[in-house]
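Have a look at the structure below, then the notes.
The values are calculated or read from the model by the stated rules, or taken from the named source; none is laboratory data. Values in this document were obtained by computation on a predicted structure and should not be read as measured data. Here Cβ is always computed from backbone atoms with ideal geometry, including for glycine, and neighbour counts include all displayed protein chains. Ligands, DNA and RNA are excluded from the accessible area calculation, which covers all protein heavy atoms including side chains. Shrake-Rupley method; radii C 1.70, N 1.55, O 1.52, S 1.80 Å.
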Amino acid sequence: MIMNEKIKASEVQLTGIEGEDLGVVPTSEALAMAKKLKVDLVCTSLMSSPPPCKLVGAGAAKQEAQQAKKKEGKVAKLKEIRLTPHIEEHDYDTKKQQAERILKSGDAVLFTVRIQGKEGAQVKALLEALIKDLKPLGSKKTGIQLSGKQATVQIDPV
């Protein structure tokens, strides 16, 4: 992000603090206006001529840039939580809280339940209960998938 005196163009397309269009003005005049209003002059793109610039409250430009950088840099990970169909209530709550923490941090959760014998219906009920309990924090990406001796469901953060 290019700000204030670092803008080298002779003239800029200026946008005011409230978003109003101020037209094409010389850079020196735009800088003087920014100093008078005690704000920053921020160049939004260098791809056009004259470059579009806007007047932004002091410090707000840096904060916007940091937030945009955080959003770009974060790649969602897939974290697996393994369960058994014969899970007790306390253990269920612990696994649910673990999934809540993962979803709040922006990562996806993959629940895997190992099936032994004729536990298919019990496993499906367990996974549906987890999906229902985690509804405010995430939505299921795939349905409950039964494959061989395990059942899985992936929940992505909202």
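Structural remarks
- Residue check for residue 29: free of Cβ contacts under 8 Å to residues at least 24 places away in the same chain, open to solvent by 80 Å² or more (accessible area, probe 1.4 Å) and part of a loop (DSSP other than H, G, I, E, B): no
- Pairs with Cβ under 6 Å, 6+ apart, first in the range 126-140 and part of a helix (DSSP H, G or I), second open to solvent by 20 Å² or more (accessible area, probe 1.4 Å): 127/144; 131/140; 133/96
- For the range 125-138, a residue qualifies if it is among the charged types (D, E, K, R) and either buried (at least 17 other Cβ atoms within 10 Å of the Cβ) or in contact with a helix residue (DSSP H, G or I) (Cβ under 8 Å, 6 or more places away or on another chain) (or both), and exactly one does: 133.
- Those residues of the range 98-124 which are under 15 Å from residue 144 (Cβ atoms), among the small types (Gly, Ala, Ser) and open to solvent by less than 60 Å² (accessible area, probe 1.4 Å), in sequence order: 120
- Sole residue being surrounded by 12 or more Cβ atoms within 10 Å (Cβ to Cβ) and out of contact with any Leu (no Cβ under 8 Å at 6 or more places or on another chain), chosen from 95, 149, 141, 79: 141
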